[in-house]
Every structure is written in structure tokens, then in C-alpha cells.
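Report on the structure given below.
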Amino acid sequence: MRHPSFLPRVSLHRPGSDALTLLTLALLVVHAVVVMRGGVTALVVGGFYESVGLSRPGVLAGKGWQFLTYLFFHGSWLHLLLNALVIYLIGGRVLHILGARAFTRIFFGGILGGGLLHVLLSPVYPLGEGVTPPHPPLVGASGGMMALLMALVSLSPDSRMWPLMVSGKNLGRGLMFATLILFLLTPGLKIPGLGAVGEWLAFSGGMAPLFKASHICHLGGGVIGMLYAHRLLRPVSLKDLQRDRKRREEAGG
């Protein structure tokens, strides 16, 4: 007799020569090379992270490649493994539902959208003037991760997102609201009232690392994922179907 199980059956993506597996491997390999070359601290001191990490001065200096390279580098093994784990778990479901092309568009759209908002809106000194160097370079694949996550919860708004056991709709709303609030609390923005709360959390509450993360990048990536999902879910007109059919016929001909 089978006993009831309260744990869901988690279906993991099977590794292969697909975009998700190759992306995850690339993230792991790049960080392993960073460690072998002396570690993050050594490369930061040497100026390497200023070249590959994303920053407003770097982009204004013509280093447009930073919009791509910043995603492959991370600040620590923990930073990398958290991003890679979520990308693999969530990305596997997105890949299964939408296919490789949509997965790639959502992920890199989140990377680009999150990076663009970071360049435009991130404060010069996230923790306040003099606490960190100006315009610390952004690294990590969090923008793409948020895009995949928000696309998935938007496509499955009534699904229960284990282990939190909340609906996808509520999870998405909660994440986006929390990300926005954390950005507004960033001490370097100096928003009256909110900035003071952020300073207390950072320096009296010991939560300074929380404000070193680019919450505006996460927010931008999440918006891209939501927009992509809403585009897929929009009502389809007869003209849309005719246009798609004509495009397929031309491609086949």
C-alpha cells in the first residue's frame, strides 16, 4: 500500500547539449578559472572586474561588452551556486514549456534589461559616499534568473510554488514588491525617510551586504520576464494567425 507523500515530485532538467546546460556549465567554468587565477579579490585589485563587470563609467567609456560579460562572473562560490541552482531549476521548466529560443530570449533579455536599469539608476555609492569605491562593477546572472522566474510565475499564476506553497501570482507580486522596496531603501539613493531606514539596516542591523546587490537589476530582469509572458498570453486575432501562417509558408517556400 502506497503512503501519501506531502513532497512534490520534482522533475529536473536532464543535462545535454542544450542552451540551459551549456549556460550553467559556462558559469561554473568561468568561476573556476577565476579561482585558479588567484580568486575574486586578486582580480578585483588587478582591475579585471572593472573591465568585465558592468558599470556606468565603463559603458560611457565605450565598453559595451560589459552588458554581456558581467553575467558570467560572480563574487563568490555561494553567489554563483545560488544563481546557477535557481537558473537550472527554473530554466528547466521554462525550456520545457516554451523551448530553447524563448528560454534564450527571456534570459538574455533579463540580462540586458536589468543591466540597462542598473547603469541608468544605480547610485554612485550604494552604501553612501566613501563606504565603497564609486560605481562598484556589477557581476552575476541575477537579472536573467529573475526574468526566468517571473516568466514562469506569470505563465502559471495559479500553480503552487513549492516549498513556499504560495501561488505563482502571489510569489511574483511579493518578489517584485520586495525588490522595489529594497532598491528604494538603498542608502546611496538618499531618499528622504527610506534612506535613513536603509542606513540603519546596513550599519546598525548588520545588513550592509544586502545593499551591495543591485536590486534595480533584479527588478529590470523581472519586468522583462513578465512582459515576455504577457506577450505570449495576449489574445490572438485572426490577423495574427494569418500573418503567422504566411510567415511559415514563406519560410517553407
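Below is a table of values for the structure above.
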{"read-out": "Residue-averaged [θ]222 nm for the chain, counting only DSSP H segments that reach four residues, each worth -39500 (n - 2.57)", "value": "-19000 deg cm²/dmol"}
{"read-out": "Net charge of neighbours whose Cβ lies under 14 Å from the Cβ of Leu138, counting Lys and Arg as +1 and Asp and Glu as -1", "value": "+2"}
{"read-out": "For region 162-207, alpha-carbon Rg relative to the globular expectation (2.2 N^0.38 Å, N residues)", "value": "1.44"}
{"read-out": "Angstrom value of the Kirkwood radius, inverse mean 1/r, which spans all Cα pairs in the chain", "value": "19.8"}
{"read-out": "Debye intensity ratio in log₁₀ form over the Cα atoms of region 87-153, taken at each q of 0.16, 0.18, 0.20, 0.29 Å⁻¹", "value": "-0.59, -0.67, -0.75, -1.18"}
{"read-out": "Relative contact order for the chain, counting Cα pairs under 8 Å that sit 6 or more residues apart, in percent", "value": "20"}
{"read-out": "Rg/Rh ratio calculated on Cα atoms of region 17-71 (Kirkwood radius)", "value": "1.05"}
{"read-out": "Ranked packing of 119-127, 204-212, 68-76, 98-106, most packed first, by mean Cβ within 10 Å", "value": "68-76, 119-127, 98-106, 204-212"}
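Every read-out reported here was derived from the displayed coordinates using simple, explicitly stated rules and does not represent laboratory data. Small disclaimer: the values here were computed from a predicted structure and weren't measured. Note: ideal-geometry Cβ built from the backbone for every residue, glycine included; neighbour counts use all protein chains shown.
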